[in-house]
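Trainee: Provided herewith is a single structure, encoded as structure tokens, for subsequent inquiry.
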């Protein structure tokens, strides 16, 4: 049973975007528009080139921001404030998910490649505020992004996560490789499964998956 394979878990780590809400909410569509505009202004390039760089840096460096910092020495602070200034008006509260998270035993944290203030806004919009022992953004790893193992190590050290007793829930398959290597249970949360050795479980419904631990 799935429950038995998580019986040792006392540290629960959740990604934010497209994990604690369904991708159909399309928050990242808003963020991508803001990112493209920021790249256009910062690098003085047209929209097509900005989109190309945004995607290239995401693939090569883990996040667009990491690429901009490494390739162009971009200041991350104003960038993070700008690109996460988006509307939450269409987000819906999810009392069922809140109930399932609230009864998980032990420590629960959110760890996102976005910023912690942005994560707090999303959690509030989803009715998930107050459920987590810590909220960690990319700034807590000195802007080093997932999937780099050093980023996980920095955040987990700050949070006191014992990886051998932890589980990671994440929509991006790349971001489960390091947690698996570190001894964590790995759960891919996405509409479609991804076949990889570092992914132990897949679900397209986080609430239903967590309900198995009741």
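The values are calculated or read from the model by the stated rules, or taken from the named source; none is laboratory data. No experiment lies behind these values; they were computed from the predicted model shown. Note that each Cβ is placed from the backbone with ideal geometry, even for glycine, and that neighbours are counted across all protein chains shown.
Trainee: Determine whether residue 10 is touching a residue at least 60 places away in the same chain (Cβ under 8 Å), touching a strand residue (DSSP E or B) at 6+ places or on another chain (Cβ under 8 Å) and surrounded by fewer than 19 Cβ atoms within 10 Å (Cβ to Cβ).
Mentor: yes
Trainee: Do we have residue 116 as in the same structural domain as residue 187 (by TED's automatic domain parsing) and over 13 Å from the mean Cα position of the chain (by Cα) here?
Mentor: Here the answer is no, as residue 116 does not meet what is asked.
Trainee: Still on this structure, I have one more. Here are 192, 197: which of them is free of Cβ contacts under 8 Å to residues at least 40 places away in the same chain, out of contact with any helix residue (DSSP H, G or I) (no Cβ under 9 Å at 6 or more places or on another chain) and not in a helix (DSSP H, G or I)?
Mentor: On the way: 197 fails: out of contact with any helix residue (DSSP H, G or I) (no Cβ under 9 Å at 6 or more places or on another chain).
One residue alone meets the criteria, 192.
Trainee: Something else now. From 165, 146, which residue is within 22 Å of residue 32 (Cα to Cα), in contact (Cβ under 8 Å) with a residue 40 or more places away in the chain, in contact with a strand residue (DSSP E or B) (Cβ under 9 Å, 6 or more places away or on another chain) and assigned by TED's automatic domain parsing to the domain that holds residue 15?
Mentor: 146
Trainee: I'd like to check something: does the range 82-95 contain any residue that is out of contact with any helix residue (DSSP H, G or I) (no Cβ under 6 Å at 6 or more places or on another chain), surrounded by 14 or more Cβ atoms within 10 Å (Cβ to Cβ) and either closer than 22 Å to residue 171 by Cα or modelled with pLDDT under 95 (or both)?
Mentor: no
Trainee: Output the residues belonging to the range 142-154 that are surrounded by fewer than 22 Cβ atoms within 10 Å (Cβ to Cβ) and in a helix (DSSP H, G or I).
Mentor: The answer is 149, 150, 153, 154.
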